[in-house]
């Protein structure tokens, strides 16, 4: 059986391809909502976060022979736990990494290596900050002393737990945009204008993750854009095309 760590749309596409090809597939999704998006017959879905030990148990209990790590490019802990669990259980591992979005030549583009650098940069670029980085690091922005007098707008998934977290962190309902992406260039432009954004914060999640249309929308409006670059991880084996994942699986069996 093949276990796919599926935290992305392309991960779900990969699961569908494997299932259609006749492979036994199990999917692991971080959230209940992510699990609900995997609606395929004959695909068993585990929902909820798993650490190294939990993944190793899942592998052993279900007779997993190959793990395909198709988690989000910024889900560092998921990938690290996956590799450790595979080493512990003697399971074959392959990382599928979606391609990065190309960074344009744009005077307003600022590429940073982490969230702290992003916070320091946006603090001087504008007073109305539009976050498109998901919900997991909202607290860093809300707690930053240098952003105490800034307006912070959070675009997040419309999940009850995420909305509760936003309210608990002190976000006003008028500064929460709960909507499922990815978004078109036109919709990004409309939202950036409607919320009177001064600066956009995003991650390089690739075209599949909608990074390209966030970048082009910010450029079209002449807005500063802060891009948090992908973390550096040393994967056991990594490929950048779904076809190469299929090839690896065929050769491994």
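The values are calculated or read from the model by the stated rules, or taken from the named source; none is laboratory data. Remember, it's a predicted structure, so these values are computed and weren't measured experimentally. For neighbour counting, all protein chains shown are included, and Cβ atoms are generated from backbone atoms with ideal geometry for every residue, glycine included.
Look at the stretch 126-155 and say how many of its residues are in a loop (DSSP other than H, G, I, E, B), buried (at least 16 other Cβ atoms within 10 Å of the Cβ) and over 20 Å from the mean Cα position of the chain (by Cα). Give the derivation first.
Restricting attention to the stretch 126-155, the residues satisfying the condition of being in a loop (DSSP other than H, G, I, E, B) are 126-127, 132-137, 144, 148-150.
Then drop every residue that is not buried (at least 16 other Cβ atoms within 10 Å of the Cβ), which leaves 126, 132-135, 137, 144, 150.
Filter once more, keeping what is over 20 Å from the mean Cα position of the chain (by Cα): 126, 144, 150.
Residues flagged as in a loop (DSSP other than H, G, I, E, B), buried (at least 16 other Cβ atoms within 10 Å of the Cβ) and over 20 Å from the mean Cα position of the chain (by Cα) within the stretch 126-155 amount to 3.
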Complete set of residues in the stretch 59-79 that are at negative phi and out of contact with any helix residue (DSSP H, G or I) (no Cβ under 8 Å at 6 or more places or on another chain): 61, 62, 73, 74, 75, 76, 77, 78, 79
Among the listed residues 163, 191, 187, which satisfies the condition of being farther than 16 Å from residue 132 by Cβ and either in a loop (DSSP other than H, G, I, E, B) or within 22 Å of the chain's Cα centre (by Cα) (or both)? 163
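One line per residue, one yes/no per condition, for (1) farther than 19 Å from residue 210 by Cβ; (2) under 17 Å from the mean Cα position of the chain (by Cα); (3) outside the structural domain of residue 24 (by TED's automatic domain parsing):
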position	(1), (2), (3)
51	yes, no, no
54	yes, no, no
57	yes, no, no
60	yes, no, no
64	yes, no, no
73	no, yes, no
77	yes, yes, no
84	yes, no, no
91	yes, no, no
What's the total number of residues in the stretch 45-68 that are outside any helix (DSSP H, G or I) and over 16 Å from residue 23 (Cβ atoms)? 6
For the stretch 112-125, what are the residues that are surrounded by fewer than 17 Cβ atoms within 10 Å (Cβ to Cβ) and either in contact with a helix residue (DSSP H, G or I) (Cβ under 8 Å, 6 or more places away or on another chain) or at pLDDT below 95 (or both)? 113, 114, 116, 120
If you go through the stretch 1-39 one residue at a time, how many are at pLDDT below 80, surrounded by 19 or more Cβ atoms within 10 Å (Cβ to Cβ) and in a helix (DSSP H, G or I)? 1
Taking the stretch 172-194 as the region of interest, how many residues are under 19 Å from residue 108 (Cβ atoms), crowded, with 17+ Cβ neighbours inside 10 Å and touching a helix residue (DSSP H, G or I) at 6+ places or on another chain (Cβ under 8 Å)? 3
